[in-house]
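Beneath this line is the structure, given in structure tokens, with notes to follow.
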Amino acid sequence: MIHWNHSFQQLLKVVIRMKIAAVIDQAKDVLLGCLKEVPFVTVQLMKESKPHLTRPDFQLRVKTQTGTTTLIVDVRSVGQPRVVREATNQLARFREQWPEAYGVVMAPYISPRAAAICREEGVGFADLAGNCSLAFDPVFISKEGKENPFARKRDLRSMFSPKAGRVLRVLLGAPQRWWKAQSLAKEAGVSLGQGFNVKKLLMDREWIEAGDAGFRLAAPAELLAEWEGQYDFRRSVAREFYTLRPIPELEGLIAETCDEEKTAYALAGFSSAARYAPMVRYQRAMAYVSERLDRVAERLELKPVASGANVILMTPYDDGVFYGVERKGGVRVTSPVQTYLDLRQIKGRGDEAAEFLKHQVIENTWQGTE
């Protein structure tokens, strides 16, 4: 068994080296292509010895009418902020050997925040789709908007999966709290491995702050903005109904009925937002009902309709939607974060109500984290 493990590890190392070498080869072609589009530039790939830790992944000699500049390039397999910051630090160390050189970070995909880090550090960057920003006298090249097939969609799926969403709700619900991995996973109701995975994804984006007390969310606004772009409450099963009862009366009856049926529930969307921010106006009730939705609807004498509904009951795609529920006015409502995510999905005045809720309630919990 020990021999097999050793062989597997050796094979894994070979595969990783091959993948890195392939990315570097692609990076060379892309960067050469970007530079050769400039008419007054002559580019030469510098002869290099076998790559090792003390040298850039490759170097280019760029000749212009004003002189020659050496480009030192650090290639990474991912382009998230933490990794790119490491690359810019590595380039700074390389410049101790080549003080006149211009550093360039390359990766299959460079995130917007990672691109900003490169600009702050005075280095260029390029992705494998050909998007780039290079600025060394007298050359300035900026290309953006090219569709990138290397975008980190897998990371997004991992970060915003149902289980990962439970971790995000915990962090966004108490952004100033310091956590240990085990306590965070326990609070979120996920495995320790799942908690570590989400933490790593957030660290790669530099949205986690580490300290002696553990770690905490450092960029709640950025996390919430990215999550709302990925969130889709249509994963929950929604049923539409109509009632002649006044909406406030019906919402109270939903609470009573679910309590009697011993099923978890929470008013959602506008029904929840109005209890956090009374300025929100609405004419349609919405609630998550964990189980026995048909039984609840029958007891409330709700009429199923294909259009014109004023009641929506949803079976949640994950019980994480119930995390952080609060009791307001005698009924349970989804947390401010969950309410915000759902409002963003509602056509009409949903965006307006979401912004009002964010400014009036959610942002008050962010003070001291950004």
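The values are calculated or read from the model by the stated rules, or taken from the named source; none is laboratory data. Because the structure is a prediction, the values reported are computed rather than measured. Because the Cβ atoms are built from the backbone with ideal geometry, glycine has one as well, and the counts that use them run over all protein chains shown.
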Which one is nearest to F233 (Cα to Cα), of the residues in the range 318-337 that are touching a strand residue (DSSP E or B) at 6+ places or on another chain (Cβ under 8 Å) and outside any strand (DSSP E or B)?
-> V321
Taking the condition surrounded by fewer than 18 Cβ atoms within 10 Å (Cβ to Cβ), touching a strand residue (DSSP E or B) at 6+ places or on another chain (Cβ under 9 Å) and either closer than 18 Å to G348 by Cα or of a type in the set (A, V, I, L, M) (or both), does A264 pass?
-> yes
Qualifying positions in the range 242-284 - without any contact (Cβ under 8 Å) to a residue 12 or more places away in the chain, in a loop (DSSP other than H, G, I, E, B) and among the aliphatic types (A, V, I, L, M) | L244
Can you tell me which residue within the range 41-62, out of those that are assigned to a loop (DSSP other than H, G, I, E, B) and modelled with pLDDT of 90 or more, is farthest from Q90 (Cα to Cα)?
-> D57
Any chance the range 5-20 includes a residue that's surrounded by 15 or more Cβ atoms within 10 Å (Cβ to Cβ) and at pLDDT 85 or above?
-> no
Of residues in the range 226-241 being at pLDDT 90 or above and either small (G, A, S) or part of a loop (DSSP other than H, G, I, E, B) (or both), the one farthest from L168 (Cα to Cα) = A238
Test result for S290, out of contact with any helix residue (DSSP H, G or I) (no Cβ under 6 Å at 6 or more places or on another chain), under 26 Å from V190 (Cα atoms) and small (G, A, S) | yes
Scanning the range 178-217 residue by residue, those buried (at least 19 other Cβ atoms within 10 Å of the Cβ) and of a type in the set (A, V, I, L, M) turn out to be L184, A185, A188, V190, V198, L201, L202, I208, L217
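Here is a yes/no grid of residues against (1) closer than 22 Å to E226 by Cα; (2) modelled with pLDDT under 90:
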{"position": "F125", "(1), (2)": "no, no"}
{"position": "L134", "(1), (2)": "no, no"}
{"position": "L156", "(1), (2)": "yes, yes"}
{"position": "F160", "(1), (2)": "yes, yes"}
{"position": "A174", "(1), (2)": "yes, no"}
{"position": "R177", "(1), (2)": "yes, no"}
{"position": "A181", "(1), (2)": "no, no"}
{"position": "A213", "(1), (2)": "no, no"}
Those residues of the range 126-138 which are crowded, with 23+ Cβ neighbours inside 10 Å and out of contact with any Gly (no Cβ under 8 Å at 6 or more places or on another chain) amount to A126
Residues of the range 325-349 satisfying the condition of being surrounded by fewer than 18 Cβ atoms within 10 Å (Cβ to Cβ) and either at negative phi or touching a Pro at 6+ places or on another chain (Cβ under 8 Å) (or both) | E326, R327, K328, Q345, K347, R349
Note: among A188, A225, just one is under 19 Å from G165 (Cβ atoms), in contact (Cβ under 8 Å) with a residue 40 or more places away in the chain and not hydroxyl-bearing (S, T, Y), namely A188
Can you spot a residue in the range 147-162 that is farther than 30 Å from R235 by Cβ and touching a residue at least 12 places away in the same chain (Cβ under 8 Å)?
-> no
Can you find even one residue in the range 86-101 that is under 20 Å from L201 (Cα atoms) and in contact (Cβ under 8 Å) with a residue 12 or more places away in the chain?
-> yes
Hits in the range 154-206 (condition: acidic (D, E) and in contact with a Pro (Cβ under 9 Å, 6 or more places away or on another chain)) = D204, E206
